[in-house]
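Just so you know, all these numbers are worked out from the coordinates, no wet-lab data involved. Owing to the predicted nature of the structure, the values given are computational and were not obtained by experimental measurement. Note that each Cβ is placed from the backbone with ideal geometry, even for glycine, and that neighbours are counted across all protein chains shown.
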Amino acid sequence: MPKTSTPAAPDAPVAARPSAAAAATRLFEDDRFDSRHLGPRPADIAAMLKVLGFSSLDDLVDAIVPADIRLKRPLALPAALTERQALDEMRTLADQNQVFRSYLGLGYSDTITPPVILRNIFENPGWYTAYTPYQAEIAQGRLEALLNFQTVVSDLTGLEVANASLLDEGTAAAEAMHLTEAVTSAPGPHKYFIDQKCHPQTIAVVKTRAEARGLETIEGSAAEFQFTPGVIGALIQYPATDGEVQDWRGFCERAHSAGALVTAATDLLSLVLLEPPGAWGADIAVGNSQRFGVPLGFGGPHAAFFATRDQFKRVLPGRIIGVSKDRAGRPALRMALQTREQHIRREKATSNVCTAQVLLAVIAGMYAVWHGPEGLTRIARRVHHLAGVLAESLRRIGLTIVYENFFDTVLVETDAKTQSRILQAAAERMINLRVISPTRVSVALDETTTPDDVRDLAQVFAGRNTLPFDPMACAAVLPQAIPVGLARKSAFLTHPVFHRHRSETEMLRYLKLLEDRDLSLTSAMIPLGSCTMKLNATSEMIPVTWAELGRIHPFAPKEQTRGYQQLFERLERALAEITGFAAVSLQPNAGSQGEFAGLLVIRGYHAARGQGHRNICLIPQSAHGTNPASAVMAGYQVVVVKTDPKGNIDVEDLRAKAKEHAANLAALMVTYPSTHGVFESSIAEICRIVHENGGQVYMDGANMNAQVGLCRPGDIGADVCHLNLHKTFCIPHGGGGPGMGPIGVASHLAPFLPSHPLVDLGHAQAAGAVSAAPWGSASILPISMMYIMMMGPDGLTEATRVAILNANYIAKRLEGHYGLLYSGNRGLIAHECIIDTRPFKASAGVEVEDIAKRLIDFGFHPPTVSFPVPGTLMVEPTESESKEELDRYCDAMIAIRQEMREIEEGKAVKGNNLLSNSPHTLADVISDAWDRPYSRERAGFPSAATRMHKVWPTVGRIDQAYGDRNLVCTCPPVSAYES
Amino acid sequence: MATIPDDLLYTPDHEYIKKTDDPAVVVVGITDYAQGELGDVVFVNLPKVGQKFAAHAVFGTIEAVKAVSDLYCPVAGEVTEVNAQLDATPDLVNREPYGDGWMVKLKVTTPGDLNSLLAPSAYKAQIGA
């Protein structure tokens, strides 16, 4: 029998007879957060160290982290705050932001998050702590929510296939350009046209991406543009950034007859009333779904969308949710066509995107479920109506409205003097208007706009506090602002899911139903290697939905965002200290974007020194697939460096390749500790070799959780490093996003950090913008800041030490049951371990997948499957899991080993056993037709813990091939579920 | 155990070459071993009739659920026919790799090139069969 864990000891040793005074003082001590963040209690740590044969955590860490790279002092960060103190501090910062009424537009609109969605999704760890739905059997809830989102996007854009979100509108438009490049048959060199009436931040991001790949962009006026040979596609905005609604049919015809594709950047709410892009000839539609219930958040996180025609589905970027069936023939959802993605295609991938914006896509999809087509139509009509009222009022005042045709944005022409008077009056009423030129101002209305707001706006433009007429009285005589030919004719959201949840009770139960289908951190450990599924503490999450952080437009003037500015400064300083770098950019929205940004920084640096020809990027064989995909996007040529049998970089091969390419060596991308979970002792030498041959070292920070406080990328020799704030720094995974991938750089690279077209970030030689918003997903940065403030320098370091302890404890407990693939000195590992399950294929006919799915029967989320080595499981417990939970997990793994032994010994049937038939649904085990050669009890309740609680998979093993051969990525008809 | 017929020729990249009645035209597909390694094939991207390829050039791609692989032209030649059935039923590659799961017919530029291909015994040795 496996040993059960000893009961936890009290948190702190109690002194024999404390003096009365000391005891009284202790009464006033606040609860320290670090002991809440960590799983094991002090007594557990002692017991675990004993199992490992060490007497202290220090000894363990000394045996694992190479001495020559250790940080020999504590991190220079402020001392830890308690949860209450940190929340007070964050409140003080937030209060320095000013919430103006924002009519800035530019793809970001204020919105009302339906409270039932706010509380039950956005603020609910059952949704936000889930992982990317790779284990579809325990993810049917959010997969359905994402399918709803895809259906919304597909219906509203009028295009057949939509993905489950991208990072922001700017990068989505850039991905559309990459798709266009991937499918063109035109001989090069290629050119790409961008209409000047696209959002400026979108243009900037697209240009950054184009330049990196050596693709020429032409910015101009679409009306005058002539498609010449070599022009492969065009990007336009519908409605335009200045509000105009144009008819693009003629343009699309011209593009298509020249063999070019048209991408429309668009707005979902406007498409409720407007003819969808798919109906007038656009090949791709992209945009931001933020105004479907997701707060502005000073730039994010928001879910961008991407839809295209069926013929391009195999080059669609990002994750697609598709319908398939399970072994029993039940409809089952899962991620489809995964061969498109970077983790399989590596340097041949057309996109490097990985983490997307699942939580926000879920919210946007649910916003449509809640309102339904009638509700959305009412909202869209109201916004449009008020925009019409405003336009008519301003005409009566004597102002010029530039465009007759608009949806929600009114463009006003004045003289410069009048404009400055208008802007001043607006500021006095805490209203933000968008200045397009010295004589043009635009006003973009939104869901929150009321008749009183329109009266206020009219008064601001009129320059007085009373008007000779009531603007709302204009309603009777409004001219048509949407031309008949561009009014939407097709129905949308006809599926029952968008009609069934009008009462809050029904909605609440629908959200709960979906939540209960999924396994999140609220029910069990999610030990995914390389993903760091640690605690996302409640107090870290609380500020995210504060209005002072959430209701700020990304381009609000700096004087209104002083709180945010201070937050960024502090967070940048803390991250710079933790990584040992001189400067940090918070702009990249995910690790993939951090990689791209970091590689561009390196390119900029080489170019500035007259070394622009350097284009070789060395990448170890064992690297995550995103690395080579990012390198190619940044214009590099990938050269693969061998990995030795122990999983380390083959130093001699690296030396040889660095020398061979010395004249053109640009960079090495290296993950540390390695993707195999080992602190390579040669890392300092590896960095030296690259530097000696003229290259820069890019460190992938995916495994930073093993470094914080113990060693720093900057000290080790890296020049750039990205940080996955959604791994090491507690931003929740959200079921597959949001993420944040800021980069830290050494001082010589600081001038090359990303810039932004609308906000001066002070980087003199920047390579351009990599995200639509200047500070990426600003509203989730407080999560990481709270974590750092509450842990303090000692707590952060302790977290790393305990993460290493937990991983080694698991490895030790599984010793003798499973083989461990890689380890460093004395058989020790860093913060994750790779379990070799390949031998069981021959001995028991069991594949790694079978073990992973059987873990679901035990109530666990499986570890990472087949990365970085096929046929293995990579386990990363993080510091937040208690000894009790680790033991429960190890007991499950050991019990599964026993089940395999039964197959090996002929006591269980090969191919029809507990593993091969896993996961077992409730419907399977209570079925009258039970005909398995093992008991229902063993199938469904394989451990004592599962009798208490477990998340049951709602579908059995899914037929992946069926779904990929018959792609369906919108809500299937209800009849599909009848059986 | 993968079937490796004795009347075909092979490449180290796991394509097979079957002779037809026309001495200048061969049928190209992937071996039983290769389809087994790939798993359930979900899509095959094939060239157009008339396209010409050099030996070892990539003439298409094959996608399984969790793997994607390039298809290499065994010898230089011109595509005279592609297997349109694979569009709707890519699993033919799994079920009948040497039959209805074929991929393209190729008019060989230099018939002598066929001599450079692997004999069944050599291919079997390569895959350890």
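Name the lysines eligible as straight-distance cross-link partners of B:K19: C-alpha to C-alpha under 26 Å, and not fewer than 8 places from it in the same chain.
Partners found: B:K48, B:K52, B:K105, B:K107, B:K124.
Remind me, relative contact order of chain A in percent, using alpha carbon pairs under 8 angstrom and six or more residues apart?
20 percent
Compute the orientation-averaged projected area for segment A:653-722 from the convex hull of its Cα atoms and round it to one decimal in nm².
Result: 4.4 nm².
At a Cα cut-off below 22 Å, give the lysines reachable from A:K197, other chains included and same-chain residues fewer than 8 away excluded.
Leaving aside lysines fewer than 8 places away in the same chain, those within reach of A:K197 are A:K207.
Let me have the relative contact order for segment A:681-828, percent, based on Cα pairs under 8 Å that are six or more residues apart.
19 percent
Which whole number gives the average count of other chain Cβ atoms within 10 Å of the Cβ atoms across peptide A:343-351?
For peptide A:343-351, the averaged partner shielding equals 2.
Go ahead and estimate [θ] at 222 nm for the protein assembly as shown from helices alone: -39,500 (n - 2.57) per DSSP H run with n ≥ 4, summed, over the residue count, rounded to 500.
After summing the helix terms and dividing by residue count, I get -10500 deg cm²/dmol.
If you take every DSSP beta bridge fully contained in chain A, what fraction is antiparallel? Give it as a percent rounded to 5.
DSSP beta bridges in chain A are roughly 55 percent antiparallel.
Enter the Cα centre distance for the pair segment A:767-825 and segment B:61-101, rounded to the nearest angstrom.
Rounded to whole Å, the Cα centres lie 44 Å apart.
Longer than 23 Å from Cα to Cα, which of A:K50/A:K72; A:K853/A:K950; A:K642/A:K812 are they? Say none if no pair is.
A:K50/A:K72; A:K642/A:K812
For A:R938 and A:S747 in one chain, what is 0.36 nm times their gap in residues minus the Cα-Cα distance, to one decimal in nm?
Net length gain for the segment: 62.8 nm.
Please compute the length gained on full extension between A:M472 and A:V435, using 0.36 nm multiplied by the number of residues separating them and subtracting their Cα-Cα distance.
Working it through step by step, the gained length comes to 10.8 nm.
Taking the beta-carbon count within 10 Å as an exposure proxy, list A:R965, A:R603, A:R609, A:R957 from fewest neighbours to most.
A:R609, A:R965, A:R957, A:R603
Among A:190-197, A:666-673, what's the highest-first ranking by average C-beta atoms within 10 angstrom per residue?
Ranked from most to least packed, the peptides come out as A:666-673, A:190-197.
If I model a spin label as a point 7 Å beyond the Cα along the Cα-Cβ vector, how far apart are those points for A:H691 and A:R382 in nm?
Each label point is offset 7 Å from its Cα along the Cβ direction, giving 6.1 nm.
Would you list A:E506, A:E899 from fewest to most Cβ contacts within 10 Å?
A:E506, A:E899
Let's test the formula: R0 of 30 Å, r as the Cβ-Cβ distance of A:A46 and A:I894. What FRET efficiency results, to the nearest 0.05?
Taking R0 as 30 Å, the efficiency between A:A46 and A:I894 is 0.85.
So which GluC sites (Glu not before Pro) in segment A:80-154 end up in coil per DSSP with only 12 or fewer other C-beta atoms within 10 Å?
Filter output for segment A:80-154: empty list.
Please report how far the C-alpha centroid of segment A:681-711 lies from that of segment A:645-675, rounded to the nearest whole angstrom.
11 Å
Would you mind checking which residues have amide H under 5 Å from B:V41's amide H? H placed 1.01 Å from N; only 5 or more apart, or other chain.
Close amide H contacts, sequence-distant or interchain: B:N94.
When Rg is the radius of gyration of the Cα atoms in the protein assembly as shown and Rh is its Kirkwood radius, what does Rg/Rh come to?
My calculation puts Rg/Rh at 0.97.
Could you state the number of Å between the C-alpha centres of segment A:485-543 and segment A:169-237?
Measuring centre to centre over Cα atoms gives 34 Å.
A:H499 to A:L761: extension gain in nm, 0.36 nm per residue of separation minus the Cα-Cα distance?
89.7 nm is the gain from fully extending A:H499 to A:L761.
Rank these for me by crowding, A:L445, A:L514, going from fewest to most other beta carbons within 10 Å.
Ordered from fewest to most neighbouring Cβ atoms within 10 Å, A:L445, A:L514 come out as A:L514, A:L445.
Which of the listed residues, A:Y238, B:V93, A:L376, is farthest toward the dipole's positive end in the protein assembly as shown, when Lys, Arg count +1 and Asp, Glu count -1 at the beta-carbon?
So the residue furthest toward the plus end is A:L376.
If contacts are Cα pairs under 8 angstrom and at least 6 residues apart, what is the relative contact order of segment A:821-897 in percent?
Here the relative contact order equals 29 percent.
So, in nm, how far is label A:V974 from label A:E559 when the simple model puts each one 7 Å beyond its Cα toward the Cβ?
Inter-label distance under the simple model: 5.7 nm.
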